[in-house]
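One structure below.
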Amino acid sequence: MADPQFIIGTSISEMLAGMELDGEDPHTLDLGTNYLLYFLYDYLPHPPVSPTATLFPSGLPLLPDGVDRISRLPDAVLRGIVSRLPAKDAARTSALSSRWRPLWRAAPLSLVDSHLLPDGGAAGQFPIGVPSPRAVTAAVSRVLAAHPGPFRCVHLTRSTMEEHRGEMSRWLDILVAKGVQELVFANRPWPIDLRLPATIFGCASLTRLYLGVWRLPDTAAVPRGASFPNLKELGLCCCVMEDHDLAFMLERSPVLEFLVLMGSQTGVGLRLVSHSLRCVQLGFTMLEDIDVVDAPRLERLFQWQIVSPGQVAMNCSFRIKIGRAPNLRVLGYLKPGDQELGISNTVIVAGAKECIVPSVQILGIEVQFGLRNAVKKVPGFLRCFPNLETLHVYVKRSRRISEESTGKVNLKFWQEGGPMKCVVQSMKKVFFYEFQGLRSEVAFLKFIAERGRVLEQMVVVVASKCFSSGEDNVRAKLKPLTSANWSSKACKVELCKSTRTEPGSPIYSNKIASDFGFADPFDLLEYH
């Protein structure tokens, strides 16, 4: 019997039976699956080659004398040109002249299956229920067989692998034998828990690997010496995995720098022991507690829209434990009230132990300012980061919470909440998103304004619904802040109107998060 097919641990047969029992149209399941694919494709990296690149107009000579000087370039340069073309265009260069004919086979090839579609993949994903384009599958097989390798990059994301199990296994065998450097390998459901062949562990040449909608191989059957000795970036998107499967992949990737874990279909624990990891992104997934045991090079840790199986079953808190991470500079989005923060370093504050992470300079938190139990956890979270320079606060909304829940969370509450070293001595920038004017929100901002000695910038993004009653309503809500006794007279206050019409999760860009060229990956106001 085939393994069960999962969506967050529920078999497809159970889902269909439940929908029929509830009087729902089973065909709506296709819509959910299409959304899964939309989510998946959004988080897969873009290919390094494009079929829509700008070309010179035909018939125009590049040089006045019409001499083909490009063909006179050394072979190494010409091979570099060919390797930067889509596979179809690279193959077509062999028709230019005898000089170009052997170059296609000698150049590292970039193969993207969507580029083999009639429209070059411009229409995006094709609907669920439509068979994989067999012509594309056949073309992929021909290209992989014809080219001797190595392959610069291979993106295979448009095939329903269940329909092509034989081809899938042969593809992996070829990629292992011919050396693939970057591989994006996604299965179009159903089934969404199709077992990935363990052959993948033979791809020792990989530097970048993204897997989508697979069940990870049974690592017990993987040869002991198998590893990814050159792998620097790993993405697991919408995959089914066990704790030991994930741990195995991390252990066998000794130079891994970037880890992306998106949409894990079943609960999995993450234990980080790595001397190479620099950036970890965790989102839209079911995770057990996150335990950063020993990660001396880790600089960025992102987690958002995380659901713990314990939270679902027993309303338990989700715990993030930070051990040895001396270079951790960027952390978020943490959720005071929903999550607990455990840190190995401690100091004594007012007679009690406080956990600290002195390295963190940029922090993102998501707070329900309408819920007292969430707000009262914020001071303790901020005390953990004594050298914090930039704070991003995203207001989390709950329609079931009324302001009466935080009626006593006023300025006095923050003033008596104990010393927060970062607010007084190091905090330079504060970004506050989806401000609605609750007393608890105003009190928090006023406290920062009156205690922040080195504050340079405060950006308040006002929720769009506040403007429904006119700008006078906005000014009235902000009046207590403008009349505060600001500790830093040089601080600049900026007000923005939110572009969002409905409350949601924090705006986030996974591409920017892993780009160290952006000093503050949470500051998306300038990038969007």
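The values are calculated or read from the model by the stated rules, or taken from the named source; none is laboratory data. Keep in mind it's a predicted model, so treat the numbers as computed, not measured. Neighbour counts are summed over all protein chains in view; Cβ atoms, including those assigned to glycine, are modelled from backbone coordinates with ideal geometry. Note: areas computed on protein heavy atoms with side chains; ligands, DNA, RNA excluded. Shrake-Rupley method; radii C 1.70, N 1.55, O 1.52, S 1.80 Å.
Under a 5 Å amide H to amide H cut-off, with H placed in plane at 1.01 Å, what residues pair with Phe151 once short-range neighbours are removed?
Leu109, Val180, Gln181
Does the stretch 148-298 classify as rounded, prolate or oblate by the C-alpha gyration tensor (a ≥ b ≥ c root eigenvalues; a/c under 1.5 gives rounded; else a/b over b/c gives prolate, otherwise oblate)? Working shown, then result.
Details: a/c = 1.79, a/b = 1.27, b/c = 1.41.
It is oblate, given that a/c is not under 1.5 and a/b is not larger than b/c.
Need the full-extension length gain, Ser141 to Gln457, defined as separation in residues times 0.36 nm minus the C-alpha distance. One decimal, nm.
Working: separation 316, 0.36 × 316 = 113.76 nm, distance 5.62 nm.
Computed gain between Ser141 and Gln457 is 108.1 nm.
Could you check the simple spin-label distance between Val493 and Arg224, using points 7 Å along Cα→Cβ, in nm with one decimal?
The two pseudo-label positions are separated by 6.7 nm.
Okay, which of the stretch 420-449 sit inside 20 Å, backbone N to the point 7 Å along the Cα-Cβ direction of Glu471?
434-437
Given C-alpha coordinates of the stretch 431-483, what is the ratio Rg to Rh with the Kirkwood estimate of Rh? List each step's numbers first, then the result.
On the way: Rg = 11.2 Å, Rh = 11.6 Å.
Taking Rh as the inverse mean 1/r over Cα pairs, Rg/Rh reads 0.97.
Could you list which residues have their amide H under 5 Å from that of Thr160, counting only those 5 or more apart in sequence or on another chain, with H placed in the peptide plane?
Long-range HN contacts for Thr160: Ser132, Arg188.
Work out, step by step, the length gained on full extension between Arg105 and His244: first 0.36 nm times the residue separation, then minus their alpha carbon distance; give nm to one decimal.
Working: separation 139, 0.36 × 139 = 50.04 nm, distance 4.02 nm.
Stretched out fully, the Arg105 to His244 stretch lengthens by 46.0 nm.
Please work out whether the stretch 388-505 counts as rounded, prolate or oblate from its C-alpha gyration tensor, where a ≥ b ≥ c are the square roots of the eigenvalues and a/c under 1.5 means rounded, while otherwise a/b larger than b/c means prolate and anything else oblate?
Working: a/c = 1.67, a/b = 1.38, b/c = 1.21.
Here the stretch 388-505 falls in the prolate category.
Can you work out the FRET efficiency for the pair Arg134 and Lys376, with r the C-beta to C-beta distance and R0 = 60 Å, to the nearest 0.05? Intermediate values should be presented prior to the final figure.
Values: r = 60 Å, r/R0 = 1.00.
Using R0 = 60 Å, I get an efficiency of 0.50.
Percent of accessible area on the stretch 193-261 owned by carbon and sulfur, 1.4 Å probe?
For the stretch 193-261, the apolar C and S fraction of the accessible surface comes to 51 percent.
Determine the relative contact order of the stretch 381-498: mean sequence separation of Cα pairs under 8 Å and six or more apart, normalised by residue count, in whole percent. Don't jump to the answer; show the numbers that get you there.
On the way: 196 pairs, mean separation 33.1, N = 118.
Relative contact order, the stretch 381-498: 28 percent.
What part of the accessible area of the stretch 363-483, given as a whole %, is carbon or sulfur when the probe is 1.4 angstrom? Could you put the intermediate results ahead of the total?
Numbers: 2380 of 5230 Å².
Within the stretch 363-483, the accessible surface is 46 percent carbon and sulfur.
Per residue, how many Å² of accessible area does the stretch 446-528 show with a 1.4 Å probe?
Working: 4720 Å² over 83 residues.
Ligands and nucleic acids excluded, the figure is 57 Å² per residue.
Given R₀ = 45 Å, what would the calculated FRET efficiency be for Leu525 paired with Glu288, taking r from the Cβ atoms and rounding to 0.05?
Result of the calculation: an efficiency of 0.85.
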